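Worksheet: the structure to be examined is printed underneath.
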Amino acid sequence: MLDSGMINKIHKAREYATEPERIHFARLEVDFDGKNGNHKVGFDEGHWRCDCGYFRHHATCSHTMAMERVLGVMAPAEVA
């Protein structure tokens with residue numbers, strides 16, 4: 001049985017989920033299973049990074065772009 005405290009926390013969580021502007025990414029790291037191998041993709045200090053060869057030369061890649069699409073409005077923006 002849920003107590004009133006838990007019910008209030010669930011309600012607050014639902015409210016927060018509708019206000020993504022409250023959430024600010026500092027760091028994020030994921031293992032990404034690509035078609036040609038696995039990669040580490042991350043966001044740290046305001047910048048996306050990936051260990052794939054394409055990213056090293058172009059500062060973007062299909063892996064970082066996929067992360068932006070998956071995260072939707074939650075995707076952290078690059079800091080200039």
Scanning the range 33-54 residue by residue, those part of a strand (DSSP E or B) and under 16 Å from Pro76 (Cβ atoms) turn out to be Val41, Gly42, Phe43, Asp44, His47, Trp48, Arg49, Cys50
Quick one: Ile23 ticks every box in (1) of a type outside the set (Ser, Thr, Tyr); (2) at pLDDT below 95; (3) surrounded by 13 or more Cβ atoms within 10 Å (Cβ to Cβ) bar one, so which box is it? (3)
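One line per residue, one yes/no per condition, for (1) in a helix (DSSP H, G or I); (2) under 12 Å from the mean Cα position of the chain (by Cα); (3) surrounded by 13 or more Cβ atoms within 10 Å (Cβ to Cβ); (4) modelled with pLDDT under 95:
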| position | (1), (2), (3), (4) |
| --- | --- |
| Lys12 | yes, no, no, no |
| Arg56 | yes, no, no, no |
| Thr60 | no, no, yes, no |
| Leu71 | yes, yes, yes, yes |
| Val79 | no, no, no, yes |
Under 6 Å between Cβ atoms, which residue pairs at least 6 apart in sequence (or on different chains) link something in the range 66-78 that is charged (D, E, K, R) with a partner that is surrounded by 14 or more Cβ atoms within 10 Å (Cβ to Cβ)? Glu68/Ala75
Where Ala77 falls short, out of the listed (1) under 27 Å from Thr18 (Cβ atoms); (2) small (Gly, Ala, Ser); (3) touching a Ser or Thr at 6+ places or on another chain (Cβ under 9 Å): (3)
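The values are calculated or read from the model by the stated rules, or taken from the named source; none is laboratory data. If you're wondering where the values come from, they're calculated on a predicted model, not measured in any experiment. Note: ideal-geometry Cβ built from the backbone for every residue, glycine included; neighbour counts use all protein chains shown.
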